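Down below is the structure, laid out as structure tokens.
Read the figures in this text as sums done on the coordinates, not as results from a lab. What you see is a predicted model; the values in this text were computed from it and never measured. In this analysis, Cβ positions are derived from the backbone assuming ideal geometry, glycine residues included, and neighbour counts consider all displayed protein chains.
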Amino acid sequence: MIWNWIIEPLQYSFMQRALVVAVVVGAICAVVGSYLMVQRLALLGDAISHSLLPGVATAYIFHVSIFLGALIAGLLSTVIINGIKNFSKIKEDAAMGIVFSSFFALGIILITVVQKENKIDLNHFLFGNILGVSTGDVRDTIVVGLVVLLTVILFYKELLFYTFDRLGAEAAGLPVIWLDTGLMILVGLTIVASLKAVGVILVLSLLITPPATAYLLVNRLHQVMWVGMIVGVISSITGMYLSYYFNLPSGPAIVLVAAGFFSLSFLFSPSQGIVSGYLKLKSRVNI
């Protein structure tokens, strides 16, 4: 019964495409999101994700690839944020707030204009629709996913050192500014790849929630990445099936599944869980 429930939707090509995107997006979001969570840069993911909106709308207006438009906007926002932070007295959080609000406002205006002129609904760019991905979307997602994962593998040691000891990395001669910019670009690429799955509004949750879940279960960064990848992939696939069987919006379904895993980890993690800690304390008192 359960096996048929799993296999039946995969006879359709759109579900096969959605499955591939779910696996890739769940994996790369957890890997890149691990760096954001450890460095306490969740706002960076939020800023870049919202900054994609004008690129998406512009690409639609000029009938070019949505991925291309989002990629250009994402890279441009990361460069601007990094430029403001490195070449002025403005701190990083303020720079992200400025760029985030400006790009998002421009995107809303462009989408409003497009919808008025073409009488179409572009809300799927905001909230995602993994069941609606095309063959081209699958190809682009795989390419971006491979680029992100290969970059993390090649520069894992440098990014690890930079993540936990920025001053030490700088003293050791590592190009901290380039690592900073590179991480922002990886975040932008990951968000672009996740655009069709969960949309620009909800992608932050998929970036942060799986690694946060893993962080409560394991201690080392590579372990956080691996456990986060498992949580992210399962969340994406489960949300996809919920969307198919219960006619739910796919992006919110994926996010809520991820939030459910985090809730379980928060409550029952052997070392960090609230319930686990209470039971341990109670057993000690009884002894």
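F161 to A94: extension gain in nm, 0.36 nm per residue of separation minus the Cα-Cα distance? Walk me through the intermediate numbers first.
Values: separation 67, 0.36 × 67 = 24.12 nm, distance 2.54 nm.
Taking F161 through A94 to full extension adds about 21.6 nm, to one decimal.
Could you tell me the largest-minus-smallest coordinate of the C-alpha atoms of the stretch 157-266 on each of the three principal axes, in descending order and whole angstroms?
Principal extents (largest minus smallest coordinate, Cα): 55, 28, 16 Å.
Counting other Cβ atoms within 10 Å, keep those with at most 13, restrict to DSSP loop, and tell me which chymotrypsin sites (Phe, Trp or Tyr not before Pro) in the stretch 1-99 are left.
Values: sites: W3, W5, Y12, F14, Y35, Y60, F62, F67, F87; in loops: Y12, F62, F87.
The qualifying sites are Y12, F62, F87.
Taking θ as phi - 60°, what are the ³J(HN,Hα) couplings along the stretch 240-248 by the Karplus curve (6.51, -1.76, 1.60), each to the nearest whole Hz, with x for Gly and Pro?
Once rounded to whole Hz, the list reads 4, 5, 4, 5, 5, 7, 10, 6, 9.
Step through the residues of the stretch 190-204 one at a time and calculate ³J(HN,Hα) from phi using the Karplus curve (6.51 cos²θ - 1.76 cosθ + 1.60, θ = phi - 60°), rounding each to whole Hz and writing x for Gly and Pro.
5, 5, 4, 5, 8, 4, 6, 7, 10, x, 6, 6, 9, 5, 4
Quick one: Karplus J couplings for the stretch 100-106, per residue in order, coefficients 6.51, -1.76, 1.60, θ = phi - 60°, nearest Hz, x for Gly and Pro?
With the stated coefficients, the stretch 100-106 comes to 4, 5, 5, 5, 5, 4, 4 Hz.
For L248 and I2, compute 0.36 nm times the residue count separating them, minus their Cα-Cα distance, and round to one decimal in nm. Please report the intermediate quantities before stating the final value.
Details: separation 246, 0.36 × 246 = 88.56 nm, distance 2.00 nm.
Contour length minus Cα-Cα distance gives 86.6 nm.
In units of 2.2 N^0.38 Å, what is the alpha-carbon radius of gyration of the stretch 234-283? Working shown, then result.
Numbers: Rg = 14.8 Å, N = 50, 2.2 N^0.38 = 9.7 Å.
So the stretch 234-283 has a normalised radius of gyration of 1.52.
Rounded to whole Å and sorted largest first, list the principal axis extents of the Cα atoms in the stretch 1-94.
Answer, in whole Å and largest first: 61, 38, 13 Å.
Which of S102, S88, S265 ends up with the largest GNM mean-square fluctuation for the chain, with Cα atoms connected below 10 Å?
The residue with the greatest mean-square fluctuation here is S88.
Per residue of the chain, what 222 nm ellipticity follows from adding -39500 (n - 2.57) for every DSSP H run with n ≥ 4, rounded to the nearest 500? Show your work: numbers first, answer last.
Working: 14 runs with 236 residues, N = 287.
Helix contribution divided over all residues of the chain: -27500 deg cm²/dmol.
Would you mind estimating how fast the chain diffuses translationally, via Stokes-Einstein at 10 °C and 1.306 mPa s with the Kirkwood radius over Cα pairs, in µm²/s?
Values: Rh = 19.7 Å.
Result for D is 81 µm²/s.
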